[in-house]
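Here is the structure we will look at.
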Amino acid sequence: MSVNFQKKITQLQNNYYKDNTKCVLFKSNQKIDCANTISNAFNKNELFSNTVYILSNTNQLYFDYTFFKTYATPPIFESLVEYIYDLIKQTIKKYKTYDMHINWNTYTISAHDRYKELYSLFLNRYDNCDFNFHDNLNNLYVYYTPNVIQVISKLMAPIIHPVVLSKVTLFNKSESEKLLNNLLKNK
């Protein structure tokens, strides 16, 4: 992501919280409202392409939750799912398989609750899809695994295909920074 683009996002967030005193409690609705402000200020494809992308000349896809959370709201979820599926299809067409890398830094239970509709859309889209994305998945790497992963895992396990569950590798916070820096150095 370009520095200018990141500055624009940060400036919109700062302006939003300057105009709307930051809530200490019950902040989920406020986070959604701020995300709507950002989502409405930019082209959705520009937001998507800075959230999930194919690493150059590889079968590696990268999803950046830290950026996603700045603009993610239910009205864009369906379009984002289509965007992700298109990237997966492109990668499978070229390489036959793919790896997915997810940066989950700062992910929480309340975030999980805000985005659970996205997971449902993604998994339901799979049920109606013309390719078997879980068999083409080599590995699913999750970086900055939250401390509450046991709770999140219990929520996610029933809806995720068992083949995918067997391909998940979790990295704790202390090892994630170095691994992600290595992964993204030639982005």
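Just so it is clear, none of the values below were taken in a lab; they were calculated from the coordinates. Source: prediction; values computed, not measured. With ideal geometry, Cβ positions are generated from the backbone for all residues, glycine too; neighbour counts draw on all protein chains shown.
With all pairs of different alpha carbon atoms counted, what Kirkwood hydrodynamic radius in Å does the chain show?
Working: mean 1/r = 0.0572 Å⁻¹.
Taking every pair of different Cα atoms in the chain, averaging 1/r and inverting gives 17.5 Å.
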Whole-Hz Karplus couplings 3J(HN,Hα) for the stretch 41-48, θ = phi - 60° and coefficients 6.51, -1.76, 1.60, Gly and Pro as x, run 8, 10, 5, 4, 5, 5, 5, 4
Expected sort for 48-57, 2-11 on mean C-beta neighbours within 10 Å, highest first, is 48-57, 2-11
For the chain the mean separation of alpha carbon contacts under 8 Å (6+ apart) over residue count, i.e. relative contact order in percent, is 19 percent
Per-residue Cβ contact counts at 10 Å, fewest first, order Tyr85, Tyr141 as Tyr85, Tyr141
Straight-line reach check, Lys94, cutoff 18 Å on alpha carbons, 8 or more apart in-chain or any other chain, hits among aspartates and glutamates -> Asp86, Asp130, Asp135
Within the set Lys44, Lys96, Lys18, GNM on the chain using Cα springs under 10 Å gives the largest fluctuation to Lys18
